[in-house]
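A.B. asks: Got a structure here, written out as structure tokens. Questions coming.
The values are calculated or read from the model by the stated rules, or taken from the named source; none is laboratory data. Just so you know, these numbers come straight off a predicted model, no measurement behind them. Virtual Cβ from ideal backbone geometry, glycine too; neighbours counted across all protein chains shown.
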């Protein structure tokens, strides 16, 4: 009985529907009072129910308990840490303010979403395996590809980096937690709401306009499209709140002695990413609000019939969605710097150049959005400056790649699974980067844009880039998080199968695109039959390889051999704590005395962690 | 242990890269070149493959040699060199990519400029209105003396520049003719212009490249059994004959329509 009153998932089960029902009643009352017909407008009622239900879920899980107590003048204990840290399994399913718990919540939840999004891909790959149409209808096909893209981007790739950052960043900078722990927890719990909103659109025929959801097609779609617009806003809100949290944490909560240039590169990467998120994400939220108002409230931002402009949506959408590409790769770059330096036992080559290239990418990232629109019918002159800025962004990216090669050269490479993924990442990401340079050049881009060449390019960047870095990070910090080692043999199998299958899946797509196969189609000309069969088989193998990873992670958490505090010999602060770290991280504030990558330097240390807090000198009054 | 010289390895990387480039160029799957712009764009692509292969070759060779040469032995407790960077090397690997992207930009701008035949087309070539709809295309021949519109087929004379004025009556479509290396969206509410010069007589596929709803897959003339006609590029005399025939048919249709209206009102 008490379980449904305490802040738990059980309470969500009644609070969320209660909020939704209340919102529906208020709407019906308001509509009948002002005489709107029909009173029971289905899409309006659903929309208010979804919005209120989402808020109700956050209330139910306990997101606002502390604030409510304060507002009604209740008693608050500033030293109440009952919601902090995981003491049992159940704590992972509750509102928790510990950044380490939130990190794990993020990572596990988003990875499940990765499996769901991957499943959608496997379904439409089985449709594409043979010419003709056998498995799904056109409508279902469009729904599946749209869900695949949206789930992967908004509830896997963007938030999984927030999860890794959540766990690692406060440890790396010697902080006790994130700056705003409750906001941090609310950001996480917004994600299940976003995911539910997006996935439940299948009940209404899903959204079917691709992950981009351009009007005017989005105006024709069923109710699922509104849920896409709502879901993207929710995920965006989560992402903005987390980024604000990271910015404040990184700027204000670094341990004494940790100057900007003593920060580990993952911290640099997260700083740049968070700045990008805060500045860019409001644009997609705005675009989705306007598009949703067009659908549900009869406004005319993008409706041609009402003198709206569909091209404006594309500009606003990409003003976020191109920086989003960097939001999905910059933290990955940071992970790679950590992994390669630690496993090559060598300082990161050109630390400052790598740090500044993150900042450079973040700034230039705002000036390249329209390269997604070379064939959109925008002003022709705009294509030239956008082409130039897009080409320029290859330079900071190149600096990073070469710096990692320089880091490995002359090191002592421990070929752990984490390092294998980092090395594999360089291989695949270079391919995605080079095709990106090609696509920056306007005449070439307009000759093959919206073809499978594009699909190949962004899967090399997002799978060959982001996902490889995510795996590298998972393996690298797994011993820190669980206190146990993963199984290296299984890890190696996972790497090799993923690496080979990934290339066999996505490389042939370049050829298909050049030859004239458009993207987002459920059927194709006979000449593409054998290559599509090859791609589908590889995609199934790629999907299966994930199961090795899942088994390894779950099994090793129980049965892996004990890791100890520092299995890799890392120098950064997180390795100076036990594995898993204590609930309040550091027993006393650490002091940073040098750079983070002083490998090969006799007896060098990055920081000192005192055993206990030195007794503070009582100042006499 | 023997030290490995970096420069000879880089040169070897270039050689490996050239082999990769050649392989990529040989296996490229571009459609037939059927417009004046296609050879320029294809040459641009070959240039891209050239430098991409070389960069890829260098990166992969250094990766593999590092893994082979600097691999830790079991229970190897050695540390790597305490080397934090070499400024001149970092300058080199910033400048070389800069030069490459400048070359890309110059190449791209040159092709963009030479492909810009819009002005030419206005005075001497064909002006075609393309209307995208769910799910197909309608064409209007704008520089014929009588109004020839709502045609189901696109027929063009060879070696004459053509400017397309694209519109859509419902959602965004994209008018893509891979053999011409040409694509442009048909966006509702605005007219998008794009031009090309067909240089080969034949029939070519028209593909809708932007997701436009349930029928998007079928808006592709390369699908077996597609009912959407391909574009036909014919000789000038065949084109004139076709136009004359269309005009006659249009006139006949207009006549019978008028006749029907008269009988209708009489009845």
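A.B. asks: Among what's in segment A:339-356 and is more than 17 Å from residue A:473 (Cα to Cα) and more than 9 Å from every other protein chain (Cβ to nearest Cβ), pick the residue that is surrounded by the most Cβ atoms within 10 Å (Cβ to Cβ).
C.D. replies: A:354
A.B. asks: Considering only residues that are surrounded by 20 or more Cβ atoms within 10 Å (Cβ to Cβ) and not in a helix (DSSP H, G or I), which ones fall in segment A:44-72?
C.D. replies: A:62, A:63
A.B. asks: Go through segment B:144-183 and count every residue that is within 14 Å of chain A (Cβ to nearest Cβ) and at negative phi. It would help to see each step written out before you state the result.
C.D. replies: Step one: list which residues in segment B:144-183 are within 14 Å of chain A (Cβ to nearest Cβ), which gives B:163-183.
Of the ones still in play, those that are also at negative phi are B:163-180, B:182-183.
Count: 20.
A.B. asks: Does residue A:163 satisfy the condition of being under 15 Å from the mean Cα position of the chain (by Cα) and either crowded, with 24+ Cβ neighbours inside 10 Å or at pLDDT below 95 (or both)?
C.D. replies: yes
A.B. asks: In the set A:399, A:386, which member is at the interface with another protein chain (Cβ under 10 Å from one of its Cβ atoms), without any contact (Cβ under 8 Å) to a residue 60 or more places away in the chain, over 24 Å from residue A:499 (Cβ atoms) and surrounded by fewer than 24 Cβ atoms within 10 Å (Cβ to Cβ)?
C.D. replies: On the way: A:386 fails: at the interface with another protein chain (Cβ under 10 Å from one of its Cβ atoms).
Going through A:399, A:386 in turn, the sole match is A:399.
A.B. asks: Another question, if that's okay. So, of the residues in segment B:176-193 that are outside any loop (DSSP other than H, G, I, E, B) and without any contact (Cβ under 8 Å) to a residue 40 or more places away in the chain, which turns out to be surrounded by the most Cβ atoms within 10 Å (Cβ to Cβ)?
C.D. replies: B:185
To keep it simple, each residue is scored yes or no on (1) over 21 Å from residue A:433 (Cα atoms); (2) surrounded by fewer than 22 Cβ atoms within 10 Å (Cβ to Cβ).
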| site | (1), (2) |
| --- | --- |
| A:267 | yes, no |
| A:283 | yes, yes |
| A:318 | no, no |
| A:337 | no, no |
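A.B. asks: Here's something else I'd like to know. Would it be correct to say that residue B:224 is over 15 Å from residue B:172 (Cα atoms), in the same structural domain as residue B:148 (by TED's automatic domain parsing) and without any contact (Cβ under 8 Å) to a residue 12 or more places away in the chain? It would help to see each step written out before you state the result.
C.D. replies: Details: over 15 Å from residue B:172 (Cα atoms): yes; in the same structural domain as residue B:148 (by TED's automatic domain parsing): yes; without any contact (Cβ under 8 Å) to a residue 12 or more places away in the chain: yes.
Judged against the criteria, residue B:224 is a match.
Each row is one residue, and each column tells you yes or no for (1) part of a helix (DSSP H, G or I); (2) at pLDDT below 95; (3) facing another protein chain (nearest Cβ under 7 Å).
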{"residue": "A:423", "(1), (2), (3)": "yes, no, yes"}
{"residue": "A:428", "(1), (2), (3)": "yes, no, no"}
{"residue": "A:461", "(1), (2), (3)": "yes, no, no"}
{"residue": "A:470", "(1), (2), (3)": "yes, no, no"}
{"residue": "A:476", "(1), (2), (3)": "yes, no, no"}
{"residue": "A:486", "(1), (2), (3)": "no, no, no"}
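A.B. asks: If you check B:230, B:236, which single one turns out to be within 20 Å of the chain's Cα centre (by Cα) and either within 14 Å of another protein chain (Cβ to nearest Cβ) or touching a residue at least 12 places away in the same chain (Cβ under 8 Å) (or both)? Before you say what the answer is, go through the steps one by one.
C.D. replies: Working: B:236 fails: within 20 Å of the chain's Cα centre (by Cα).
On inspection, the qualifying residue turns out to be B:230.
A.B. asks: Hey, another quick one. Can you confirm whether segment A:509-520 contains a residue that is more than 12 Å from chain B (Cβ to nearest Cβ) and assigned to a helix (DSSP H, G or I)?
C.D. replies: no
A.B. asks: Here is a further query. Among A:246, A:261, which is the only one that is over 20 Å from residue A:148 (Cβ atoms), within 14 Å of chain B (Cβ to nearest Cβ) and not in a loop (DSSP other than H, G, I, E, B)?
C.D. replies: On inspection, the qualifying residue turns out to be A:261.
A.B. asks: Among the residues of segment A:211-234, are any closer than 19 Å to residue A:123 by Cα and surrounded by fewer than 20 Cβ atoms within 10 Å (Cβ to Cβ)? Working first, answer last.
C.D. replies: As a first pass, look at segment A:211-234 and keep what is closer than 19 Å to residue A:123 by Cα: A:211.
Filter once more, so that each one left must be surrounded by fewer than 20 Cβ atoms within 10 Å (Cβ to Cβ): A:211.
There is at least one residue in segment A:211-234 that is closer than 19 Å to residue A:123 by Cα and surrounded by fewer than 20 Cβ atoms within 10 Å (Cβ to Cβ).
A.B. asks: Can I ask one more? I'd like the full set of residues that are closer than 13 Å to residue B:170 by Cα and either more than 32 Å from the chain's Cα centre (by Cα) or at pLDDT below 90 (or both), limited to segment A:301-316.
C.D. replies: Once the filter is applied, which keeps residues that are closer than 13 Å to residue B:170 by Cα and either more than 32 Å from the chain's Cα centre (by Cα) or at pLDDT below 90 (or both), segment A:301-316 yields A:304, A:305.
A.B. asks: A follow-up question, please. Among the residues of segment A:173-180, is any in a helix (DSSP H, G or I) and closer than 22 Å to residue A:474 by Cβ?
C.D. replies: no
A.B. asks: To continue, here is another question. Every residue in segment A:357-383 that is more than 11 Å from chain B (Cβ to nearest Cβ) and touching a residue at least 40 places away in the same chain (Cβ under 8 Å), please.
C.D. replies: Matches in segment A:357-383: A:358, A:359, A:361, A:362, A:365, A:366, A:368, A:369, A:370, A:371, A:372.
A.B. asks: Now, a different point. Given the residues A:479, A:443, which is the only one that is more than 28 Å from residue B:62 (Cβ to Cβ) and touching a helix residue (DSSP H, G or I) at 6+ places or on another chain (Cβ under 9 Å)?
C.D. replies: Step by step, each of A:479, A:443 is checked, and only A:443 is more than 28 Å from residue B:62 (Cβ to Cβ) and touching a helix residue (DSSP H, G or I) at 6+ places or on another chain (Cβ under 9 Å).
A.B. asks: Moving on. For residues in segment A:572-605 being within 14 Å of chain B (Cβ to nearest Cβ) and in contact with a helix residue (DSSP H, G or I) (Cβ under 8 Å, 6 or more places away or on another chain), which is nearest to residue B:82 (Cα to Cα)?
C.D. replies: Applying the filter and picking the extreme gives A:599.
A.B. asks: Got a number for residues in segment A:129-138 being touching a residue at least 60 places away in the same chain (Cβ under 8 Å) and closer than 25 Å to residue A:114 by Cβ?
C.D. replies: The total comes to 2.
A.B. asks: Condition (residue is under 24 Å from residue A:374 (Cα atoms) and within 18 Å of the chain's Cα centre (by Cα)) applied to segment B:138-146: is it met by at least one residue?
C.D. replies: no
A.B. asks: Within segment A:156-171, is even one residue within 14 Å of chain B (Cβ to nearest Cβ), part of a helix (DSSP H, G or I) and either farther than 20 Å from residue A:452 by Cβ or without any contact (Cβ under 8 Å) to a residue 12 or more places away in the chain (or both)?
C.D. replies: No - not one qualifying residue is present in segment A:156-171.
A.B. asks: How many residues does segment A:278-292 contain that are in contact (Cβ under 8 Å) with a residue 60 or more places away in the chain and farther than 22 Å from residue A:221 by Cα?
C.D. replies: Summing the residues that are in contact (Cβ under 8 Å) with a residue 60 or more places away in the chain and farther than 22 Å from residue A:221 by Cα in segment A:278-292 gives 2.
A.B. asks: Here's a follow-up. On the basis of being within 23 Å of residue A:352 (Cβ to Cβ) and surrounded by fewer than 19 Cβ atoms within 10 Å (Cβ to Cβ), does residue B:102 make the cut? Even if it seems obvious, please write down each step before you answer.
C.D. replies: Details: within 23 Å of residue A:352 (Cβ to Cβ): no; surrounded by fewer than 19 Cβ atoms within 10 Å (Cβ to Cβ): yes.
Here the answer is no, as residue B:102 does not meet what is asked.
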